[in-house]
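Here the structure is laid out as structure tokens; the discussion comes afterwards.
The values are calculated or read from the model by the stated rules, or taken from the named source; none is laboratory data. No experiment lies behind these values; they were computed from the predicted model shown. Positions of Cβ are generated from backbone atoms using ideal geometry, with glycine treated the same way; all protein chains shown enter the neighbour counts.
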Amino acid sequence: MSQADRGSRRVRRGTASRPVLRLGLPKGSLQQTTEKLFTLAGFDLRIASRSYYPDIDDPEIECILIRAQEMARYVQQGVLDVGITGVDWTLENRARVKELVDLVAPWPNYNPVRWVLAVKEDSPIRGPADLAGRRISTEVVHLTRRYLRGHGVKAEVEFSWGATEVKPPILADAIVDVTETGSSLRANQLRVVDTVLESTPRLIANRDAYRDDWKRQKMERLAVLLTGAIRAASRVGLMMNVPKGRLESVLALLPALGTPTVSTLADEKWVAINTVIAEREVKEILPRLREEGARGIVEYPLNKIID
């Protein structure tokens, strides 16, 4: 029996007595960061190098690796109950799905990306109106046509199988391509004319599956864990002891996620403070806390922050 056959049998394993949530994980650029996200969320997710059926330490979840470009289509069809893909591919597939949560995070490939209209630096095209009758190359044909309709412009849109940025000016007059930093566009002497769409990863669900009480609860709990891990990714915890007489001045320095916790100590002249701050603020705020009288300052990492 082939590996694919074994995987097919595996995803049909759920029964009425033990339901299973079929989860699509994105293969490709989002894969490594998705593994990291699930690990931070508390899951033991293991993806073998040649397998499309990852193992996860939750008997109620079955995982399948699917390219992000196809994910929304399979979720809409009900082949998958829930999956992770960019909102760009959901719109490109015109998939009717339930969006559960935005998973934008401060990690590579989970940052916002832009689909931009770009041309050669010396191109006469300066705006959407200049595209009339021109040829545009892109992987997102539907999104590009929708963009053109929105500007009342008719142009020829061709599907690109890759290396889109090298096609102007010979194979296309313009391209619509995805970028996070713009470095690849600049390296190919391309100029951004306009932004077609900004996209972030989303957790999406099949609408029928979401109406099932058990599956909806499972999806929502998964969403809580994933977003909790993302919220903790750029924050740290701080603990410190502060003289009571300096409490107000110390609290004024703390840009807390919520109200800091203040606790009494055995020495009635001191209190303990526990709070959460953005990690980027630590190097600025720690010396100032000490100057205001805080002592025994401890910075510690966070796994999840749940509202």
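Enumerate the pairs (first residue in the range 205-231 and assigned by TED's automatic domain parsing to the domain that holds residue 86; second residue anywhere and of a type in the set (Lys, Arg) and exposed (fewer than 13 other Cβ atoms within 10 Å of the Cβ)) with beta-carbon separation below 7 Å, excluding pairs fewer than 6 apart on the same chain, so at least 6 apart or on different chains.
Close Cβ pairs (under 7 Å, with a partner that is of a type in the set (Lys, Arg) and exposed (fewer than 13 other Cβ atoms within 10 Å of the Cβ)) amount to 207/96.
Can you tell me which residue is surrounded by the most Cβ atoms within 10 Å (Cβ to Cβ) among those in the range 36-62 that are within 19 Å of residue 227 (Cβ to Cβ) and in contact with a strand residue (DSSP E or B) (Cβ under 8 Å, 6 or more places away or on another chain)? Quick ask: steps written out before the conclusion?
Of the range 36-62, the ones within 19 Å of residue 227 (Cβ to Cβ) are 36-43, 45, 56, 58, 61.
Next, from what is left, pick out any that are in contact with a strand residue (DSSP E or B) (Cβ under 8 Å, 6 or more places away or on another chain): 38-39, 43, 45, 56, 61.
Values: 38: 23, 39: 13, 43: 19, 45: 20, 56: 17, 61: 18.
Across the range 36-62, the extreme among qualifying residues is 38.
Where in the range 152-222 are there strands (runs of 3 or more DSSP E), lying fully within it, with 3 or more residues that are out of contact with any Gly (no Cβ under 7 Å at 6 or more places or on another chain) and of a type outside the set (Lys, Arg)?
Numbers: elements: 156-159, 174-179, 190-199, 201-205.
Passing ranges, in order: 156-159, 174-179, 190-199.
List pairs: first residue in the range 134-158 and under 18 Å from residue 68 (Cβ atoms), second residue aromatic (Phe, Trp, Tyr) and surrounded by fewer than 16 Cβ atoms within 10 Å (Cβ to Cβ) anywhere in the structure, Cβ distance under 6 angstrom, at least six positions apart or on different chains.
Correct list of pairs: 141/159.
Any residue in the range 172-183 that is among the acidic types (Asp, Glu) and either closer than 19 Å to residue 75 by Cβ or crowded, with 22+ Cβ neighbours inside 10 Å (or both)? Can you show your working first?
Within the range 172-183, the subset among the acidic types (Asp, Glu) is 173, 177, 180.
Then drop every residue that is not either closer than 19 Å to residue 75 by Cβ or crowded, with 22+ Cβ neighbours inside 10 Å (or both), which leaves 173, 177.
Yes.
Taking residue 102 as meeting all but one of (1) crowded, with 16+ Cβ neighbours inside 10 Å; (2) acidic (Asp, Glu); (3) in the same structural domain as residue 220 (by TED's automatic domain parsing), write down the number of the exception.
(1)
Testing residue 88 on (1) surrounded by fewer than 17 Cβ atoms within 10 Å (Cβ to Cβ); (2) closer than 24 Å to residue 225 by Cα, one condition comes back false. Which one is that?
With respect to (1) surrounded by fewer than 17 Cβ atoms within 10 Å (Cβ to Cβ); (2) closer than 24 Å to residue 225 by Cα, residue 88 is out only on (1).
Considering only the range 226-244, how many residues are of a type in the set (A, V, I, L, M, F, W, C), assigned to a helix (DSSP H, G or I) and over 13 Å from residue 100 (Cα atoms)?
The first filter runs over the range 226-244 and keeps only residues of a type in the set (A, V, I, L, M, F, W, C), leaving 226, 229-230, 232-233, 236, 238-240, 242.
When the remaining residues are screened for being assigned to a helix (DSSP H, G or I), the result is 226, 229-230, 232-233.
Adding the requirement that they be over 13 Å from residue 100 (Cα atoms) leaves 229-230, 232-233.
Looking only at that region, the number is 4.
Might you let me know whether the range 111-132 holds any residue that is in a loop (DSSP other than H, G, I, E, B) and of a type in the set (Phe, Trp, Tyr)?
Initial filter on the range 111-132 (in a loop (DSSP other than H, G, I, E, B)): 111-112, 121-127, 132.
This time we only want the ones that are of a type in the set (Phe, Trp, Tyr), so: none.
Scanning the range 111-132, I find no residue that is in a loop (DSSP other than H, G, I, E, B) and of a type in the set (Phe, Trp, Tyr), so the answer is no.
Before we move on, is residue 182 under 26 Å from residue 37 (Cβ atoms), within 24 Å of the chain's Cα centre (by Cα) and not polar (S, T, N, Q)?
Values: under 26 Å from residue 37 (Cβ atoms): yes; within 24 Å of the chain's Cα centre (by Cα): yes; not polar (S, T, N, Q): yes.
Taking the combined requirement at face value, the residue satisfies it.
Within the range 74-86, can you find the residues that are out of contact with any helix residue (DSSP H, G or I) (no Cβ under 9 Å at 6 or more places or on another chain) and farther than 12 Å from residue 23 by Cα?
77
Taking the options 211, 207, 202, name whichever one is more than 14 Å from residue 305 (Cα to Cα) and touching an Asp or Glu at 6+ places or on another chain (Cβ under 6 Å). Let's see the steps before the verdict.
Numbers: 211 fails: touching an Asp or Glu at 6+ places or on another chain (Cβ under 6 Å); 207 fails: touching an Asp or Glu at 6+ places or on another chain (Cβ under 6 Å).
The match here is 202.
Testing residue 253 on (1) assigned to a loop (DSSP other than H, G, I, E, B); (2) closer than 30 Å to residue 37 by Cβ; (3) in contact with a helix residue (DSSP H, G or I) (Cβ under 6 Å, 6 or more places away or on another chain); (4) of a type outside the set (D, E, K, R), one condition comes back false. Which one is that?
Every listed condition holds for residue 253 apart from (2).
Would you check if residue 86 is at pLDDT 95 or above and under 27 Å from residue 183 (Cα atoms)? Before you say what the answer is, go through the steps one by one.
Working: at pLDDT 95 or above: yes; under 27 Å from residue 183 (Cα atoms): yes.
In short, yes.
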